[in-house]
Structure formats: structure tokens, C-alpha cells
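Take a look at the structure below.
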């Protein structure tokens, strides 16, 4: 019984110390989880600029090996479900882009050994193509799907 109590007390002490550090601003999620945050890519205007900042090139080839699943019509652009999946061997990064958004790069994922499958919700300001960009073997591949937005989600 004493060992369970000690484990509980040690765990409680560790959790409260971590909570205190987060509350004091000494430990923030950005510094812990996203050490290599590509801020300049997310701030870029235009898809080519964002691709150059994120991948070092904007040379992208169309690919049928990437599937982009999204609704044909999004009732609310603030919450658009999107799934990107790649069957290209060696896929290690996936980016989601919407050209008409104020900043086209919506999301970027480093997969490093994981299956190239990403499912999330994004914001869209107006009707446009949702483009999935996959980095594999030092090259970029893309596929897209048009999503019609009835109510804008990016400030409109």
C-alpha cells in the first residue's frame, strides 16, 4: 500500500511542477513541440513563396498517387475537413495549401517514418482548390480538389 501512495505522490508532484512551469511561461508548447517551426513559410504570400520557404523549391509535379478528400461544398469555411493520403514511396512531409487564403500554407506535417496520411480541419476564405503537397525522394508532388465555400472562414 505504501508503494502505491509514494508513486501517486511522486506523480502528483511532477505534474504540479510541470503545470507551474507552463503557467509561468517557462515551458511553452511551441518551444517544446515545434523547435523547427517554419515561421517564414507560414507568413509567405503566394504558394510558390511558401513552397520555397518550406521545401527549398517550388517545382511541383502533379501526381495521381496522392488523394485529397474534402467536401464538394463546405457550408462554413471556418471548419473544412480535409484528408491527404499518399502512396508515393518515401513520403516524409505533407503540406496543405489553399491559394486564395491570406497565407496559402495552411498546415505542414513532418512524418519521418510514419504513414503518409493526414486528416485535419482547415479554414478557407472562399471557394478554391485544396492542394496536398507531398515531399518524397527530394521531389515535390501535388494533387488538389475544389471546395466550394458558402460562408468564408478567414475573416469573412
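Only the coordinates and a few stated rules stand behind these numbers; no lab work does. Remember, it's a predicted structure, so these values are computed and weren't measured experimentally. Cβ sites come from the backbone with ideal geometry, for glycine too, and all protein chains shown count toward neighbours.
Compared with the alpha-carbon gap, the fully stretched path from residue 57 to residue 73 is longer by 2.6 nm at 0.36 nm per residue. Annotation: the residues 128, 43, 48, sorted from fewest to most other C-beta atoms within 10 Å of their own C-beta, follow the order 43, 48, 128. Each distinct pair of alpha carbons in the range 36-149 adds a 1/r term; the inverse of their mean, the Kirkwood radius, is 13.9 Å. For the range 97-156, the relative contact order is 35 percent, taking Cα pairs closer than 8 Å that sit 6 or more residues apart in sequence and dividing their mean separation by the residue count.
Once the piece of chain linking residue 109 and residue 129 is laid out straight, how much longer is it, given 0.36 nm per residue of separation minus the C-alpha distance between them?
Fully extending the segment from residue 109 to residue 129 adds 5.3 nm.
Cut-off is 10 Å between beta-carbons; in what order do 66, 151 appear when sorted fewest neighbours first? List each step's numbers first, then the result.
Numbers: 66 23, 151 11.
Fewest to most other Cβ atoms nearby, the residues stand as 151, 66.
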